[in-house]
Amino acid sequence: MHRATITDIFFDLDHTLWDFDRNSALAFDKVFSKHGIDVDLETFLGHYTLINSDYWNRYEQNLITIEELRYGRLRSTFERFGMSHAHDVLHTLSEAYIDHLPEHNHLFDGAIDTLHYLKDKYRLHIITNGFSHVQKKKMANSGLQPFFATITDSEMAGAKKPDPIIFRYALEKAGTHASSSVMIGDSLVADIKGASGAGLYPIHFSPSGHAVSETGFQTIRHLSELQTLF
(Lines give C-alpha, C1' and ligand atoms only; values in the text may rest on other atoms or scores of the structure.)
Protein backbone atom coordinates (compact mmCIF):
# COMPACT_ATOMS: atom_id res chain seq x y z
CA MET A 1 0.00 0.00 0.00
CA HIS A 2 1.29 3.43 -0.97
CA ARG A 3 -0.33 5.80 1.50
CA ALA A 4 0.11 8.79 -0.82
CA THR A 5 -2.14 7.17 -3.44
CA ILE A 6 -5.02 6.35 -1.07
CA THR A 7 -8.08 8.59 -1.34
CA ASP A 8 -10.90 6.43 0.05
CA ILE A 9 -11.25 4.10 3.02
CA PHE A 10 -14.10 1.59 3.24
CA PHE A 11 -15.18 0.05 6.54
CA ASP A 12 -17.27 -2.95 7.43
CA LEU A 13 -19.84 -2.05 10.12
CA ASP A 14 -20.64 -5.01 12.40
CA HIS A 15 -17.70 -6.42 14.37
CA THR A 16 -15.46 -3.64 13.01
CA LEU A 17 -16.86 -0.29 14.16
CA TRP A 18 -20.14 -1.35 15.76
CA ASP A 19 -19.62 -3.80 18.64
CA PHE A 20 -22.09 -6.43 17.50
CA ASP A 21 -21.52 -9.00 20.26
CA ARG A 22 -21.96 -6.48 23.07
CA ASN A 23 -25.03 -4.86 21.53
CA SER A 24 -26.53 -8.22 20.59
CA ALA A 25 -26.25 -9.42 24.19
CA LEU A 26 -28.13 -6.36 25.43
CA ALA A 27 -30.85 -6.87 22.82
CA PHE A 28 -31.34 -10.52 23.73
CA ASP A 29 -31.46 -9.67 27.43
CA LYS A 30 -34.31 -7.25 26.74
CA VAL A 31 -36.17 -9.62 24.42
CA PHE A 32 -35.96 -12.62 26.74
CA SER A 33 -37.09 -10.56 29.71
CA LYS A 34 -40.00 -9.08 27.77
CA HIS A 35 -41.18 -12.42 26.40
CA GLY A 36 -40.53 -14.57 29.47
CA ILE A 37 -37.85 -16.82 27.95
CA ASP A 38 -36.19 -18.70 30.80
CA VAL A 39 -32.63 -19.40 29.66
CA ASP A 40 -29.22 -18.49 31.03
CA LEU A 41 -28.19 -15.57 28.86
CA GLU A 42 -24.44 -16.12 29.05
CA THR A 43 -24.74 -19.78 28.07
CA PHE A 44 -27.21 -18.92 25.32
CA LEU A 45 -24.87 -16.31 23.86
CA GLY A 46 -21.96 -18.73 23.96
CA HIS A 47 -23.88 -21.04 21.63
CA TYR A 48 -25.58 -18.30 19.60
CA THR A 49 -22.36 -16.50 18.69
CA LEU A 50 -20.93 -19.59 16.98
CA ILE A 51 -24.22 -20.61 15.39
CA ASN A 52 -24.91 -17.09 14.11
CA SER A 53 -21.44 -16.94 12.57
CA ASP A 54 -22.04 -20.24 10.78
CA TYR A 55 -25.41 -19.08 9.46
CA TRP A 56 -23.92 -15.80 8.24
CA ASN A 57 -21.13 -17.66 6.46
CA ARG A 58 -23.71 -19.79 4.65
CA TYR A 59 -25.84 -16.73 3.88
CA GLU A 60 -22.84 -14.92 2.38
CA GLN A 61 -22.20 -17.96 0.18
CA ASN A 62 -25.86 -17.85 -0.97
CA LEU A 63 -26.50 -21.26 0.59
CA ILE A 64 -29.45 -20.07 2.70
CA THR A 65 -32.04 -17.28 2.48
CA ILE A 66 -32.50 -14.25 4.72
CA GLU A 67 -35.48 -15.98 6.37
CA GLU A 68 -33.43 -19.11 7.08
CA LEU A 69 -30.71 -16.94 8.60
CA ARG A 70 -32.99 -14.87 10.82
CA TYR A 71 -35.07 -17.74 12.20
CA GLY A 72 -32.76 -20.72 11.81
CA ARG A 73 -30.03 -19.28 14.03
CA LEU A 74 -32.50 -18.91 16.91
CA ARG A 75 -34.07 -22.33 16.36
CA SER A 76 -30.66 -24.01 16.26
CA THR A 77 -29.52 -22.24 19.42
CA PHE A 78 -32.63 -23.19 21.40
CA GLU A 79 -32.21 -26.78 20.23
CA ARG A 80 -28.82 -26.85 21.97
CA PHE A 81 -30.77 -26.40 25.22
CA GLY A 82 -33.28 -29.08 24.33
CA MET A 83 -35.87 -26.35 23.85
CA SER A 84 -38.20 -26.08 20.89
CA HIS A 85 -40.54 -23.26 19.96
CA ALA A 86 -43.32 -23.01 17.42
CA HIS A 87 -42.62 -21.08 14.23
CA ASP A 88 -44.75 -18.14 15.33
CA VAL A 89 -42.82 -17.84 18.61
CA LEU A 90 -39.47 -17.93 16.80
CA HIS A 91 -40.80 -15.31 14.38
CA THR A 92 -41.86 -13.06 17.25
CA LEU A 93 -38.52 -13.41 19.04
CA SER A 94 -36.54 -12.86 15.86
CA GLU A 95 -38.48 -9.71 14.93
CA ALA A 96 -38.21 -8.38 18.48
CA TYR A 97 -34.46 -8.97 18.47
CA ILE A 98 -34.04 -7.13 15.16
CA ASP A 99 -36.17 -4.25 16.49
CA HIS A 100 -34.20 -3.91 19.72
CA LEU A 101 -30.72 -4.44 18.24
CA PRO A 102 -30.20 -0.84 16.99
CA GLU A 103 -31.24 0.55 20.39
CA HIS A 104 -27.84 -0.45 21.78
CA ASN A 105 -24.93 1.22 20.07
CA HIS A 106 -21.62 0.50 21.73
CA LEU A 107 -18.72 1.04 19.36
CA PHE A 108 -15.26 -0.47 19.49
CA ASP A 109 -12.77 1.49 21.55
CA GLY A 110 -11.17 4.29 19.54
CA ALA A 111 -13.75 4.26 16.75
CA ILE A 112 -14.92 7.87 16.99
CA ASP A 113 -11.47 9.37 17.58
CA THR A 114 -10.04 7.40 14.66
CA LEU A 115 -12.88 8.40 12.34
CA HIS A 116 -12.39 12.06 13.27
CA TYR A 117 -8.71 11.69 12.38
CA LEU A 118 -9.32 9.90 9.07
CA LYS A 119 -12.20 12.09 7.90
CA ASP A 120 -9.89 15.10 7.57
CA LYS A 121 -7.64 13.17 5.17
CA TYR A 122 -9.79 10.67 3.28
CA ARG A 123 -13.30 10.01 2.04
CA LEU A 124 -14.86 7.35 4.27
CA HIS A 125 -17.45 4.73 3.29
CA ILE A 126 -19.32 1.70 4.63
CA ILE A 127 -19.80 -1.68 2.93
CA THR A 128 -22.04 -4.03 4.91
CA ASN A 129 -23.88 -7.31 4.39
CA GLY A 130 -26.33 -6.45 7.16
CA PHE A 131 -30.05 -5.90 6.68
CA SER A 132 -30.56 -2.46 5.11
CA HIS A 133 -33.20 -1.04 7.48
CA VAL A 134 -31.32 -2.28 10.55
CA GLN A 135 -27.95 -0.92 9.40
CA LYS A 136 -29.46 2.52 8.71
CA LYS A 137 -30.77 2.65 12.28
CA LYS A 138 -27.39 1.57 13.67
CA MET A 139 -25.59 4.28 11.70
CA ALA A 140 -28.01 6.98 12.82
CA ASN A 141 -28.36 5.93 16.46
CA SER A 142 -24.64 5.35 17.04
CA GLY A 143 -23.50 8.72 15.70
CA LEU A 144 -21.51 7.13 12.86
CA GLN A 145 -23.58 8.56 10.03
CA PRO A 146 -21.84 11.98 9.69
CA PHE A 147 -18.43 10.43 9.09
CA PHE A 148 -19.33 8.55 5.92
CA ALA A 149 -19.79 9.84 2.39
CA THR A 150 -21.53 6.67 1.17
CA ILE A 151 -23.09 3.55 2.66
CA THR A 152 -23.44 0.41 0.56
CA ASP A 153 -25.37 -2.62 1.76
CA SER A 154 -25.91 -5.97 0.10
CA GLU A 155 -29.58 -5.33 -0.60
CA MET A 156 -28.95 -2.24 -2.71
CA ALA A 157 -25.96 -3.83 -4.46
CA GLY A 158 -27.77 -7.07 -5.20
CA ALA A 159 -24.76 -9.04 -3.95
CA LYS A 160 -23.03 -9.83 -0.67
CA LYS A 161 -19.38 -9.64 0.30
CA PRO A 162 -17.14 -11.38 -0.77
CA ASP A 163 -18.76 -11.10 -4.23
CA PRO A 164 -16.78 -8.50 -6.23
CA ILE A 165 -20.08 -7.06 -7.45
CA ILE A 166 -20.76 -5.32 -4.13
CA PHE A 167 -17.26 -3.85 -4.05
CA ARG A 168 -17.60 -2.56 -7.62
CA TYR A 169 -20.99 -1.10 -6.74
CA ALA A 170 -19.51 0.66 -3.68
CA LEU A 171 -16.55 2.00 -5.66
CA GLU A 172 -18.84 3.38 -8.36
CA LYS A 173 -21.14 4.92 -5.77
CA ALA A 174 -18.13 6.55 -4.09
CA GLY A 175 -16.74 7.75 -7.41
CA THR A 176 -13.36 6.19 -6.81
CA HIS A 177 -11.10 3.32 -7.92
CA ALA A 178 -10.01 0.10 -6.25
CA SER A 179 -6.33 0.99 -6.67
CA SER A 180 -6.76 4.06 -4.44
CA SER A 181 -9.00 2.41 -1.86
CA VAL A 182 -8.59 0.48 1.39
CA MET A 183 -11.05 -1.95 2.99
CA ILE A 184 -11.05 -2.53 6.75
CA GLY A 185 -13.03 -5.39 8.25
CA ASP A 186 -13.07 -8.35 10.60
CA SER A 187 -14.09 -11.18 8.25
CA LEU A 188 -11.23 -12.93 6.52
CA VAL A 189 -13.55 -14.14 3.76
CA ALA A 190 -16.18 -11.41 3.31
CA ASP A 191 -13.99 -8.37 3.96
CA ILE A 192 -10.37 -9.30 3.42
CA LYS A 193 -10.38 -11.87 0.63
CA GLY A 194 -13.40 -10.18 -0.93
CA ALA A 195 -11.72 -6.77 -1.01
CA SER A 196 -8.43 -8.22 -2.23
CA GLY A 197 -10.21 -10.02 -5.04
CA ALA A 198 -11.86 -6.75 -6.08
CA GLY A 199 -8.53 -4.90 -6.09
CA LEU A 200 -8.81 -2.94 -2.84
CA TYR A 201 -6.04 -3.02 -0.24
CA PRO A 202 -7.38 -5.02 2.73
CA ILE A 203 -6.63 -4.46 6.41
CA HIS A 204 -7.82 -7.13 8.84
CA PHE A 205 -9.34 -5.89 12.12
CA SER A 206 -8.82 -8.59 14.77
CA PRO A 207 -9.20 -7.19 18.31
CA SER A 208 -8.60 -10.63 19.81
CA GLY A 209 -5.47 -11.14 17.74
CA HIS A 210 -6.97 -14.40 16.45
CA ALA A 211 -5.54 -15.63 13.13
CA VAL A 212 -3.17 -12.67 12.90
CA SER A 213 -0.29 -14.85 11.72
CA GLU A 214 -2.50 -16.74 9.28
CA THR A 215 -4.09 -13.97 7.29
CA GLY A 216 -1.30 -13.06 4.91
CA PHE A 217 -2.69 -9.53 5.12
CA GLN A 218 -1.94 -6.55 7.32
CA THR A 219 -3.72 -6.86 10.65
CA ILE A 220 -4.60 -4.37 13.39
CA ARG A 221 -5.89 -5.14 16.87
CA HIS A 222 -7.08 -1.64 17.78
CA LEU A 223 -8.73 0.95 15.56
CA SER A 224 -6.35 3.63 16.79
CA GLU A 225 -3.56 1.85 14.87
CA LEU A 226 -5.09 3.32 11.72
CA GLN A 227 -3.92 6.74 12.87
CA THR A 228 -0.36 5.49 12.59
CA LEU A 229 -0.90 3.77 9.25
CA PHE A 230 -2.60 6.77 7.69
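In whole percents, the pair-distance distribution calculated for region 12-85 from its alpha-carbon pairs, binned every 5 Å from zero, is 3, 15, 23, 27, 20, 10, 3, 0.
Helix-only estimate, please: 222 nm mean residue ellipticity of the chain, summing -39500 (n - 2.57) across DSSP H runs of length 4 or more and dividing by its residues, to the nearest 500. The helix-only estimate for the chain comes to -14000 deg cm²/dmol at 222 nm.
Diffusion coefficient of the chain by Stokes-Einstein, Kirkwood radius over Cα pairs, 4 °C, 1.567 mPa s: 71 µm²/s.
Of the whole protein surface, Glu155 contributes about 100 Å² of accessible area at a 1.4 Å probe radius. The calculated FRET efficiency for Asp120 paired with Asn57, based on their beta-carbon distance and R0 = 30 Å, is about 0.25.
Residues Met1, Met83, sorted by accessible area with the largest first, give Met1, Met83 [1.4 Å probe; ligands and nucleic acids excluded].
Anything over 30 Å Cα to Cα? Flag those among Lys34/Lys138; Lys34/Lys193; Lys137/Lys160; Lys30/Lys136, in the order listed. Violating the 30 Å Cα-Cα cut-off are Lys34/Lys193. Taking all protein chains together and a 1.4 Å probe, the residues Phe108, Phe44 rank Phe108, Phe44 from largest to smallest accessible area. So for region 108-182, Kirkwood radius off the Cα pairs, Stokes-Einstein at 20 °C and 1.002 mPa s: how many µm² s⁻¹? This corresponds to a translational diffusion coefficient of 164 µm²/s. For a quick check of understanding: with a 1.4 angstrom probe and all protein chains in place, what accessible area in square angstrom does Arg58 have, to the nearest ten? Result for Arg58: roughly 80 Å² accessible.
Each part reduced to its alpha carbon centroid, region 43-80 and region 141-162 end up 22 Å apart.
Measuring only protein heavy atoms, the 1.4 Å probe finds Thr92 accessible over about 70 Å². Sorting the Cα pairs of region 37-126 by distance into bins of 5 Å, from 0 upward, gives 2, 11, 16, 19, 16, 11, 10, 7, 4, 2, 0 percent per bin. Across the accessible surface of region 152-211, with the other protein chains kept in place and a 1.4 Å probe, carbon and sulfur atoms take up 53 percent.
With semi-axes defined as the square roots of five times the eigenvalues of the C-alpha gyration tensor, the equivalent ellipsoid of region 129-230 measures 21, 17, 14 Å, largest first.
Gln218 to His177: FRET efficiency via 1/(1 + (r/R0)^6), r the Cβ-Cβ distance, R0 22 Å, to the nearest 0.05? After rounding, the FRET efficiency stands at 0.65. Rolling a 1.4 Å probe over the heavy atoms of the protein chains gives the chain an accessible area of 47 Å² per residue. Could you compute how fast region 59-109 diffuses translationally, taking Rh as the Kirkwood radius over C-alpha pairs and applying Stokes-Einstein at 37 °C with viscosity 0.692 mPa s? Give it in µm² per second. D, rounded to a whole number, is 264 µm²/s. Computed extension gain for Arg168 through Asp40, at 0.36 nm per residue and net of the alpha carbon distance, reaches 41.7 nm.
Expressed as a whole percent, the accessible surface of region 9-83 that belongs to carbon and sulfur atoms is 46, based on a 1.4 Å probe.
Here the scattering of region 90-141 is modelled by Debye summation over its C-alpha atoms, one equal scatterer each and no solvent; at q = 0.12, 0.19, 0.30 Å⁻¹ the log10 of I(q)/I(0) is -0.38, -0.79, -1.19.
Across His116, His15, the residue with the most accessible area heads the list, and the full order at a 1.4 Å probe is His116, His15.
Between Lys136 and His2, the contour length at 0.36 nm per residue exceeds the Cα-Cα span by 45.0 nm.
The values are calculated or read from the model by the stated rules, or taken from the named source; none is laboratory data. Because the structure is a prediction, the values reported are computed rather than measured. Backbone-built Cβ (ideal geometry, glycine too); neighbour counts: all protein chains shown. To get the accessible areas, we keep the full protein, side chains included, count just its heavy atoms, and leave off ligands, DNA and RNA. Shrake-Rupley method; radii C 1.70, N 1.55, O 1.52, S 1.80 Å.
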